[in-house]
Each structure stands twice: as structure tokens, then as C-alpha cells.
1. Sort 219-225, 291-297 by the packing proxy (mean of other Cβ within 10 Å over each peptide's residues), most packed first.
2. With a 1.4 Å probe and every protein chain left in place, work out the accessible area per residue of region 1-62 in Å², rounded to a whole number.
3. Might you tell me the accessible area per residue for region 308-441, computed with a 1.4 Å probe and given in Å²?
4. So how do 207-217, 329-339, 357-367 stack up, highest first, on mean other-Cβ count within 10 Å?
5. Principal axis lengths of region 325-426 from Cα atoms, whole Å, largest first?
6. Which value, in Å to one decimal place, does the Kirkwood hydrodynamic radius take for the chain when every pair of different Cα atoms is included?
7. Given axes a ≥ b ≥ c from the Cα gyration tensor, I'd like to know whether region 227-308 is rounded (a/c under 1.5), prolate (a/b larger than b/c) or oblate.
8. Add +1 for every Lys or Arg and -1 for every Asp or Glu among the other residues with Cβ under 12 Å from the Cβ of Glu410, and state the total.
Amino acid sequence: MNELATHLNDIIKKYNPHVFNLLSNLGKKLYYPKGILSQSAEATKKATRFNATIGIATEKKVPMHFEHIQESLQGYSPEDIYPYAPPSGKLELRKEWKRKLLRDNTSLHDRLIGLPITTNALTHGLSLAADLFVEENDTIILPDKYWGNYQTIFHVRRGGNLKTFKLFDDSDTFNVPSFRQCLLQQKDAGKAIVLLNFPNNPTGYTPKEREVEGIISVLMEAAEAGINLAVILDDAYFGLFFEDSVKESLFGRLAGIHPRILPIKVDGATKENYVWGLRVGFLTFASDSPIILEALEQKTNGLIRGTISSSSHLSQTVILRSLQSSKFEEEKCKKLNIMKRRATKVKEIITREKYKGAWGFYPFNSGYFMCLKLNQVDAEELRIHLLNEYGVGTIAINSTDLRIAFSCVEEEDLEELFELIYRGINDLVTKGVSVDVQKTL
């Protein structure tokens, strides 16, 4: 093993051996090399005559570029577009995102967290966390309603086993007992990765305060029972809170709460700030030790350096300017209100007496989505029928659950959307294409 990796491992073992035991074999091998990038960083500070280090081209002391590209990017200096960004991201952006985290999450104000590490959006951030902490046959605990790409990230790529608990109980609240039972079964293994996604994809649910207290109580119980926990908080839709949920990430509540609990926040501008294609996300660790945070950052930097090298400099510059804009809060509030009105309209439509025989729905109070529980027909059959006969696109989660993204349907069109879904259900019922709901539960 490289001596730099060994040094980082020794540091982590010294200050928190539980975190060391959470690392995958790959995570233990990772380090940030003292190579071209570190030498170039040193030269940037001290090479006052000539800097012949990093592999970019310059012209008259400006990054070389095509004028026809620069003409389309008026208002951005070449220095903020063309050079490589550091593997951990543009420093000013990382600091700005941390300030945003502290503004948005009141529980973080007296907690120790690392400087957010820039990722190529959230999938990359989740993959980094998986590489760092998931070893083959490790257990990843998550709700039974989850984003399908978790299978690829945690199971296919890393060999982890996804084990689900029921997200909702019979009262349509977060199922704390099911979560507890699932988590405490890992006592013999002594390690678990917990993956929580709020607002949830596909249901659009964020727990209320009492439910959050239950979640934290279970995590504390598991830690006290000797289970080392990497708690990954997929906050892709953070901030899109419409009703009676908590209004902050669980990250702040978990930061520094127990030496066996390592909170990892994965978030970004992509969905929060409606800039999906710019691919700017962040990975943030919390610990009671700044030395642990530095060691984890070095390992993460080594992982980024060995995969994508760094994220887009231009995208990071655009997001930085957006966060610093005087219009940021005003425009974000405006878009939030649009989304909230759509969610409210959906709830009014789907609860109408006319539709009660056709579907129920999972509770939703946040995010981009809601999920219908179909009473009479198969979700995949309905999805295909809606596409072919009515030109309506939906997502079949399983045989009974149909995800609707109200985020991409205008408020005035929502009534027609659900009427067409209802019409499609009736078509299939008439044709006798139905599902035995009891067999799918």
C-alpha cells in the first residue's frame, strides 16, 4: 500500500477507528498523490518568472482559447472557464456552498463539517461515497421506495446488498419500527451503510419532526449496539418543502452525534437550482475531528483524480455567480412557489371522489414527484397504454406504483393529465387487463 495511503489510514485510526472500519478496501488504499497537481499548486504561488508546470496552453498570459467560443461566453473571463478546476472543486464555490448549508440548516451552526467537495452532480457524489465505504457484501439499508440507479451505484458497481425497510406504516408515516428492525439486524456484521433520500424519489415525501426524532433515535441505538454507520443523505431535492415536513437536512442533526456515525451529505445545484445539465454537486462529511475531515477529503480527492480528474470549471463558475447574485433568493422563492402550487393542485385533483376507485397515493409534501397506488390495473401495462393511446409519459415503479413528475407539467395541465390516466385505467379494466393487488403487497 502507498505510504501516503498508510499515513492517512493511521491518522483516521488514531482519531476515530470506527470511521477507519467503515472504509472499503478501496477506500483504505486511496490517497491524493504528490504529483503534477501539487507541484503546480506550489508553482502557482511561487513561480513569479515562468510557470511551466500544468498541461494547459497560454497566450499572452491568458489561457489559450478559440475566439468563436469566447464570443458565446461574454461576461466570463478565460481564467474562469478554460483551466482545470482542482479535483476538489473551485475553492470560492466550495466556501459559498458551505455558507449556503449553514444558512439552510440551523442544526449545523454549532457542528463541525468539512468544506464541501465539488462533484460532477449527485450520481458522482453517491458513487464516490460507495467507492469509499461499500465493500462487497456490505449491507445498504434504504426505504422500499427508492431511486432505481442506487442498484447500479451500490450493488452492481460495488457488490453491496440492498436491504429495504417499509417507508410507510399503516398510518402513512415514516415506518420507524421497520427501519429499526432492518438496521439492528446488522449487529453481527458491525457495519451498515444507511441511505436516506428526502424529499424522497419516487414518493415526494419528507418526514415530520416527530418522525425525524424516531430516525435519529434508531441510529443512536444501532451505534450504541456497536454498529458502525455510514449515513448517506441523498439531498437531491433539498429545499423543495411544501407542507408539514422538517425544513432541513438530517445531516445537521447527525453531525457529531456519535463516534460510530459518519454523516455524508450528497447534494447539489442540479435539482435545487434547476441547472440539471451543468452537473454541479457536492459531497460533505461531518465529524467531531477536523483531522478526520481532512483525511477523508484527501482520500476523496485521490478518487476524483483517478476517475474524472475534476468537474467542469465553467459550470462551477456559473453556479458560483448564481449563488452570489442579489437575485438568487428572490428567483429561488419564485420557482419554489410554482412547484408548491403544482403539488397543491395535484393533491386536490387526485382526492376527488371520482378517482377513489382507481387509485390511492403515497403521502407527498415535497420534491418533484408523487406516486399513485393503482387499485385495479398493472402499472407497467398502464404506462405503455398511456404512451401509445394518449401520448402521456409516466414511470412504473412496480406492479402497483406509478410515479408522476408534476415538476414538468404546467399547473393548468394537471387536471387533463390525471383525467387521461383515469381514462387509461378504465380502458384496461374494460379490456380485462388488471392486476391482483393482494399478490403484489
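The values are calculated or read from the model by the stated rules, or taken from the named source; none is laboratory data. Please read these numbers as outputs of a predicted model, since none were measured by experiment. Heads up, the Cβs are rebuilt from the backbone with ideal geometry, glycines too, and the neighbour counts pull from every protein chain shown. Calculation scope for accessible area: heavy atoms of the full protein, side chains included, ligands and nucleic acids excluded. Shrake-Rupley method; radii C 1.70, N 1.55, O 1.52, S 1.80 Å.
1. Numbers: 219-225: 17.6, 291-297: 20.1.
So the peptides 219-225, 291-297, ranked by packing, come out 291-297, 219-225.
2. Accessible area per residue: 72 Å².
3. 50
4. Values: 207-217: 16.6, 329-339: 12.4, 357-367: 21.1.
By packing density, highest mean first, the sequence is 357-367, 207-217, 329-339.
5. On the principal axes, region 325-426 reaches 50, 27, 23 Å in Cα extent.
6. 23.6
7. Judged from the Cα gyration tensor, region 227-308 comes out oblate (a/c at least 1.5, b/c at or above a/b).
8. So the environment of Glu410 carries a net charge of -2.
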